[in-house]
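Peer 1: One structure, pasted below without further comment.
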Amino acid sequence: MDLSFPLIIGIALIVIFVLIFFHYVPFFLWINALSANVRISLVQLFLMRLRRVPPHTIVYAMIEAHKAGLKNVTRDNLEAHYLAGGHVEQVVHALVSASKANIELPFQMATAIDLAGRDVLEAVRMSVNPKVIDTPPVSAVAIDGIQLIAKARVTVRANIKQLVGGAGEETILARVGEGIVSSIGSAASHKSVLENPDSISKLVLRKGLDAGTAFEILSIDIADIDIGKNIGAVLQMDQAQADKNIAQARAEERRAMAIAQEQEMKAKAQEARAKVIEAEAEVPKAMAEAFRSGNMGIMDFYRMKNIQSDTDMRDAIAKPQGGAKEENSK
């Protein structure tokens, strides 16, 4: 028993040492690399562990690149890209796919695309197999005032050289929508657009909407066109209603001014009547004073009364019959 315990301790230490050794020195991974004719030393694999770079990722990426015939993929480049936060496997897959599809994709450009946050493998696949983007419904109004609602399908291919710094799908959709609005808006009649929807596609394609984007527009197809509202008629109705409201406001303003003038005239008439009544009240006083001063005699007074009676009679004859009846009833 005394000899077996140190033996167990020794075996345990050996096992721990072997595990630590194979952890920091991936011997079997080195054998795998040699079998694939990829030259890498055990020291480099050990140093990868110390630099916190997964050896499996780098070695399998080197094996894939070597089998695909890629000459510019080295261990240092892969390690540098991994330490920069890139996706080594995605970059190598994209390089292999581009090489098989005869697409020019240097290693530096692939890593730059990956570090820019774009999926470089998806970009290569889109270069081989173009993508179809459906635009949302775009509303536009022709010159005759009829609204048209169009939907388009845009076939795009990734532009590898513009992936870094190029605009995305949102810009493509916005530019295509702008082109559709411009094309429909310049049409003299909505019927011509419905008869020739390809005119929209041709006009939009001639504008070069893919400039400065990460895509190349291959085709624009109008999938559907629907007739919307008669915007011209609606605008005319709104304008007529606005003109009506303005006219009513002006008429109300004139009416208010007329009422004010009428009230002012009534006030002036009342003021004039008050002055007349006030003046008439002074007549008896003036007559009395004339009698006292001898400027007026009794015959003058009677002649004045006769003239007044004659004037009243003439006024009564000149009044209408209805006014006479009303006066009699009173």
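The values are calculated or read from the model by the stated rules, or taken from the named source; none is laboratory data. Just so you know, these numbers come straight off a predicted model, no measurement behind them. No Cβ is skipped: glycine too gets one built from the backbone with ideal geometry, and neighbour counts run over all protein chains shown. Accessible surface is based on the protein model in full, side chains and every heavy atom, while ligands, DNA and RNA are left aside. Shrake-Rupley method; radii C 1.70, N 1.55, O 1.52, S 1.80 Å.
Peer 1: Let me confirm something: among ILE149, ILE143, which residue is among the β-branched types (Val, Ile, Thr), open to solvent by 20 Å² or more (accessible area, probe 1.4 Å) and part of a loop (DSSP other than H, G, I, E, B)?
Peer 2: ILE143
Peer 1: Looking at segment 273-307 only, could you name the residues that are open to solvent by 100 Å² or more (accessible area, probe 1.4 Å), of a type in the set (S, T, N, Q) and assigned to a helix (DSSP H, G or I)?
Peer 2: ASN306
Peer 1: Suppose we filter ALA68, ALA98 for residues that are touching a helix residue (DSSP H, G or I) at 6+ places or on another chain (Cβ under 9 Å) and more than 18 Å from ALA214 (Cβ to Cβ); which single one remains?
Peer 2: On the way: ALA98 fails: more than 18 Å from ALA214 (Cβ to Cβ).
Just a single option satisfies the conditions, and that option is ALA68.
Peer 1: ALA68 fails exactly one of the following numbered conditions: (1) among the small types (Gly, Ala, Ser); (2) farther than 19 Å from ARG39 by Cβ; (3) open to solvent by less than 30 Å² (accessible area, probe 1.4 Å). What is the number of that condition?
Peer 2: Here ALA68 meets the rest and fails (2).
Peer 1: Also, quick follow-up: When only residues in segment 124-139 that are of a type in the set (A, V, I, L, M, F, W, C) and under 12 Å from ILE103 (Cα atoms) count, which is modelled with the lowest pLDDT?
Peer 2: In this case the residue turns out to be VAL128.
Peer 1: Here is a follow-up. Test LEU121 against the criterion of being open to solvent by less than 50 Å² (accessible area, probe 1.4 Å), under 25 Å from the mean Cα position of the chain (by Cα) and of a type outside the set (S, T, N, Q), and give yes or no. Step through it out loud before you land on a result.
Peer 2: Numbers: open to solvent by less than 50 Å² (accessible area, probe 1.4 Å): yes; under 25 Å from the mean Cα position of the chain (by Cα): no; of a type outside the set (S, T, N, Q): yes.
Criteria not met by LEU121.
Peer 1: Further, regarding this structure: Please go through segment 163-196 and give me each residue that is of a type in the set (Ser, Thr, Tyr) and either at positive phi or within 25 Å of the chain's Cα centre (by Cα) (or both), ordered by number.
Peer 2: Residues satisfying the conditions are THR171, SER182, SER183, SER186.
Peer 1: Could you grab me the full set of residues in segment 152-162 that are over 25 Å from the mean Cα position of the chain (by Cα) and either surrounded by fewer than 16 Cβ atoms within 10 Å (Cβ to Cβ) or not basic (Lys, Arg) (or both)?
Peer 2: Narrowing segment 152-162 to residues over 25 Å from the mean Cα position of the chain (by Cα): 157-162.
Residues satisfying the conditions are ALA158, ASN159, ILE160, LYS161, GLN162.
Peer 1: Same structure, new question: For GLN236, all conditions in the list (1) within 30 Å of ALA112 (Cα to Cα); (2) open to solvent by 80 Å² or more (accessible area, probe 1.4 Å) hold save one; what is the number of the exception?
Peer 2: Of the numbered conditions (1) within 30 Å of ALA112 (Cα to Cα); (2) open to solvent by 80 Å² or more (accessible area, probe 1.4 Å), the odd one out for GLN236 is (1).
Peer 1: Mind listing whichever residues of segment 184-200 are crowded, with 21+ Cβ neighbours inside 10 Å and not β-branched (Val, Ile, Thr)? So that I can check it myself, show each step before the final result.
Peer 2: Within segment 184-200, the subset crowded, with 21+ Cβ neighbours inside 10 Å is 184, 187, 190, 193, 200.
Within segment 184-200, ALA187, HIS190 qualify.
Peer 1: Same structure, new question: Can you tell me which residue within segment 197-206, out of those that are more than 23 Å from the chain's Cα centre (by Cα) and assigned to a helix (DSSP H, G or I), is farthest from VAL138 (Cα to Cα)?
Peer 2: The extreme case among them is ARG206.
Peer 1: Could you tell me which numbered condition ALA80 fails, if it satisfies all but one of (1) open to solvent by 70 Å² or more (accessible area, probe 1.4 Å); (2) more than 41 Å from the chain's Cα centre (by Cα); (3) at pLDDT 90 or above?
Peer 2: (1)
Peer 1: Can you tell me which condition GLY212 does not meet? The list is (1) exposed (fewer than 15 other Cβ atoms within 10 Å of the Cβ); (2) at negative phi, and all the others hold.
Peer 2: (2)
Peer 1: From ILE113, ILE103, ILE133, grab the single residue that is under 22 Å from MET62 (Cβ atoms), not in a helix (DSSP H, G or I) and not aromatic (Phe, Trp, Tyr).
Peer 2: Details: ILE113 fails: not in a helix (DSSP H, G or I); ILE133 fails: under 22 Å from MET62 (Cβ atoms).
Just a single option satisfies the conditions, and that option is ILE103.
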